[in-house]
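See below for the structure under consideration.
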Amino acid sequence: MIEELNPEEKSNLIKEILELQEGLKALIQRTESVKNDHDQMQSGNQILQTYINNLMSSDVLSSANGSKKEG
């Protein structure tokens, strides 16, 4: 099939292929960047969740100790 193309058509086809490859490379880089951002945010969310859980635990313990002292 490609053998049937004239030199100008081959050149245009090669140019289009190279442009598509560059577009694909850009998409892959963007995907990797978004994945890294996601991983960082997920890690941050886990830290925040641990912090919130610790606050809730200390609040529950403080409330329990406070009610024991009152009684």
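None of the figures in this text is laboratory data; all of them are computed from the coordinates on show. Since the model is a prediction, treat every value here as computed from it, not as a measurement. Ideal geometry is used to build each Cβ from the backbone, glycine not excepted, and the neighbour counts take in all protein chains shown.
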Can we say residue 32 is in a helix (DSSP H, G or I) and either touching a Leu at 6+ places or on another chain (Cβ under 8 Å) or loosely packed, with under 10 Cβ neighbours inside 10 Å (or both)?
no
Could you grab the pairs with beta carbons closer than 7 Å, sequence gap of 6+ or different chains, first residue in segment 21-50 and touching a residue at least 40 places away in the same chain (Cβ under 8 Å), second one of a type in the set (D, E, K, R)?
none
